[in-house]
Amino acid sequence: MVITPGDEVRTILLGALTDLRAPERHMSTPVRFSGSILTAPAIRILEPGNTPLWGITYRLVMQFLEVLGLLPLSNALFSVCSVRHS
């Protein structure tokens, strides 16, 4: 299978569903968005130090897991982002 991303896709990450729902991969992470630093819920897809999955993509993945009946995890997943203006 060949995956050809559209213009709106920067990176394609492939992983197992077990990785997406592993509680140790879920975290809060600081992200820069529209000139502010947000603390957002995220999933570490790759190894530590790489950009985690966050934002709308995170929410879509979590909704997908919910539809599959693979939630809840042991932690709160849809927490609200906090904002720090820089």
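The values are calculated or read from the model by the stated rules, or taken from the named source; none is laboratory data. On a predicted model such as this, the values are computed, not experimentally measured, just so you know. Counting neighbours? That spans all protein chains shown, and the Cβs are built from the backbone with ideal geometry, glycine included.
Of all residues in the stretch 59-82, none that is of a type in the set (Ser, Thr, Tyr) has its Cβ atom under 9 Å from the Cβ atom of a residue that is modelled with pLDDT under 85 and surrounded by 12 or more Cβ atoms within 10 Å (Cβ to Cβ), 6 or more apart or on another chain.
The residues of the stretch 20-51 that are in contact with a strand residue (DSSP E or B) (Cβ under 8 Å, 6 or more places away or on another chain) and within 18 Å of residue 70 (Cβ to Cβ), listed by number, are 20, 25, 26, 41, 42, 43, 44, 45.
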